[in-house]
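The values are calculated or read from the model by the stated rules, or taken from the named source; none is laboratory data. As the structure is a prediction and not an experimental result, all values here were calculated from the model. Cβ atoms come from the backbone with ideal geometry, glycine included; neighbour counts cover every protein chain shown.
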């Protein structure tokens, strides 16, 4: 409950920051995403089977996903993401299991500086799942998989989309395929993770702004110089 309250307070803070800010999101240096996640434990060896089946997906309706990021430039963004909650794993017939995942990586924006802002996502980190430890996971009628771990290394990759409703506030959706590394597991523990929520951008990117201002000043000086020369020529012609 304390964690949920913290996220609510943080959401209100970020919402107020977007109301009092008017710069375009391309001038922003950082962002925060707050929302919820859906975990899809697909059938063994069939990652797209029953992809939209309700029983295959475990949706956590509370604020369960948060991401912070830093724009290196308009194409490359560094991020850290964390999500947690109680989920149902239909693949292994496990219910009310604590799920946690934390990854860091990069977002590669395909067409930046647009209201519709798609990107590619790549990350690596840790994944915690309590109920795998010392549990027989049935692969077939004659085969089982078992692990004595509950913390795993994970890599993910996928796609996302930011829809900017105003310059520094929008809706964000993304989907990633997660590969979990466990001894002799192959891809048995892999899963899909889908996020949906709000994105807030803030913090001036001074380097980007200064470059724009420098270009403006240079172009302005050129125009003033041309006008000054024209006026000087006219003045000289009238007195000749």
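For this structure, a couple of remarks:
- Test: residue 65 is touching a strand residue (DSSP E or B) at 6+ places or on another chain (Cβ under 6 Å) and either within 30 Å of residue 141 (Cβ to Cβ) or crowded, with 17+ Cβ neighbours inside 10 Å (or both): yes
- Residue check, residue 84 within 27 Å of residue 201 (Cβ to Cβ) and surrounded by fewer than 18 Cβ atoms within 10 Å (Cβ to Cβ): yes
- Against the test of being under 25 Å from residue 108 (Cβ atoms), within 24 Å of the chain's Cα centre (by Cα), modelled with pLDDT under 95 and assigned by TED's automatic domain parsing to the domain that holds residue 89, the options 171, 166 yield a single qualifying residue, 166.
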